[in-house]
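To keep things clear, I will list the structure first and then write my remarks on it.
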Amino acid sequence: MRIAARLVLAFVLVAVFAAGLSSFILHRSFQARVNRFLEREVPRLALGAPPSPPPPLLRAQQRLLLELRAATWQATLIALAVALGTGGYLAWRFARPIEALTRATRRYAAGARAVRVRADGPGELAELARAFNALADRLAAEEAQTRRLVADIAHELRTPLTVLKSELEALADGLLSPDPETLERLVEEVDLLARLVGDLRLLSLAEAGGLELAREDVPLRDLVRRVAEGFAPRAAAKGVRLVVTAAPVTVHADPGRLRQVLLNLLDNALRHTPAGGCIAVGVHAEGAAVLEVADTGPGIPEAHRPHVFERFYRPDPARSRAFGGSGIGLAIVKALVEAHGGRVEAMNRPEGGAVFRVRLPISGSPPRPGGRT
């Protein structure tokens, strides 16, 4: 039985029960009141006679009771008709959005991902419809992101695999000799593949909360200076100055993962900073340990700024691939920082360029949810 029919039947049953109960109570109550009235107002026919009204009054009483019963039944029928009409309308009003949502759910489960429902029902039903639409939109966005992710991974793997295949075929055909230079190129392509696969695994573990962190008290200033010293030759080779301004701040973190965070930020800054530019690294305390990496590049377009930490996101794919990078460096930064209970944000500097700011809990402060230790 459909929900609308069940609702109508429920309304009718309630109306029948209420009308019958009202009729029974009204009949008994009215009869008792009439009897008491006659006993009080009509003189007795004889002393000691039973308190019953005279025959004419008794017949009038019976006629009155019959008329009252007939009127009660008429009222009951009218109430049933009203209940049926009201119940039918309310049942249709409530059942229509539920049935529409049921049909939409079945269609969605069958693969119709574009199906949505109108949120025009009463109260909670409209809220349920909006929740269904929001869920469908989110699932559609996640499916689209998954498709983009698979396509991006395939693209990133295709280039080194194509190079490897062509080089190996040339070696097999005798077109290339297995000299150290050729073998070094092959090793570089294999290393690129290994780094990409490793980065993807690291990112998946961090986002799933399954990344193991070897936490210890880390003097952030010392770590930043060591990483900057190792990175300085790369910056100098491009003609970019590297400036470090660090205050003494200690965090309870995995030093290896923090080093990876800083290297990814420096690598991103170097790719977008032209020759003659500058990369500034700063560390200070501001209620939390703050690590900043600023550059003098073109900055981040406002339309793309909310997406810079998404894996494989590129505002200009051709330009980004020309700069190099796998497209997941900033996504790894975000995942690692959040695994430490911190947060990272990207902004544009008023004087030009971009700045990435990482906030981490200072050593001794209550830990926030993050990766496993």
Once the dipole of the range 216-360 is set up with Lys and Arg at +1 and Asp and Glu at -1 on Cβ about the Cα centre, which of Gly327, Val355, Leu242 lies farthest towards its positive end?
-> Gly327
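Take peptides 274-283, 182-191 and line them up by average Cβ neighbours within 10 Å, highest first, as a rough protection proxy. The partial results should precede the final answer.
Values: 274-283: 16.8, 182-191: 12.7.
Taking the mean over residues of other Cβ atoms within 10 Å, the ranking is 274-283, 182-191.
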Run the dipole for the range 137-207 about the Cα centre, Lys and Arg Cβ at +1, Asp and Glu Cβ at -1, nothing else charged, and hand back the magnitude in debye, nearest 20.
-> 320
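Read-outs: derived from the displayed coordinates by stated rules, not from any lab. These numbers were taken from a predicted model, which means no experiment stands behind them. Counting neighbours? That spans all protein chains shown, and the Cβs are built from the backbone with ideal geometry, glycine included.
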